[in-house]
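Bear in mind that the values in this text are calculations on the coordinates, not laboratory data. No experiment lies behind these values; they were computed from the predicted model shown. Note: ideal-geometry Cβ built from the backbone for every residue, glycine included; neighbour counts use all protein chains shown.
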């Protein structure tokens, strides 16, 4: 598998306006954690669908898998800047009839201006304040582009859209959400441009957060196709199915 793809696999994770007939709906949210609530004991369970493409054997290029993951706010601590932070424990099981097993640990910090999450040794700015349609920010600014393995992360422009709108993730419906478009790049990735004779690549990531719930949907896709070969990369989709 292409070396630049590997950091993405480590990822695999996180408004009410007044209106009248004479003015547009105000979708600004100023409360710091309404879309990323961090309280001890909170959890969200996800159905996770994964696809891995490997150019090692183009005749058997695609492998798929399913599992469930549960993200639980398990503890608090002070980070190296003395900021209140939260330990999020991730459990995994292959099916709902099996027991949960430890998978990984994440950390989240809500600052006066943003929500930061550390996952697999990468620090992301998942949200900024205020939560308002059209706001953009560099969510991967803490990830150094000097390391060749991190090049796929650089220059992502996060964007808020659909603040306060309902969302259906394919498993459940949510009345009030915000979409965070993280990246949408690629070349020759449409089916009409999928000839193995041409180079192609795709980098796509989006997350959706529910009001007073947290992340209810995530898709991360990254693959590369060298001329004369087949796809090499992965796609992971997470859909919230249960929460408290």
> How far is it, in nm, from the label point at residue 104 to the one at residue 76 when both lie 7 Å from their Cα along the line to the Cβ?
Replying inline: 2.6
>> On a full-extension model of 0.36 nm per residue, what is the gain between residue 43 and residue 111, subtracting their alpha-carbon distance, rounded to one decimal in nm?
In response: 22.4 nm
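Which FRET efficiency value, to the nearest 0.05, do you get for residue 58 and residue 219 by plugging their Cβ-Cβ distance into 1/(1 + (r/R0)^6) with R0 = 25 Å?
Once rounded, the FRET efficiency stands at 0.55.
For residue 67 and residue 187, FRET efficiency with R0 = 51 Å and r from the beta-carbon atoms, rounded to 0.05?
Values: r = 31 Å, r/R0 = 0.61.
Efficiency, from the Cβ-Cβ distance: 0.95.
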> Plugging the Kirkwood radius over Cα pairs into Stokes-Einstein for the range 46-93, at a temperature of 25 °C and a viscosity of 0.890 mPa s, what D comes out in µm²/s?
Replying inline: 178
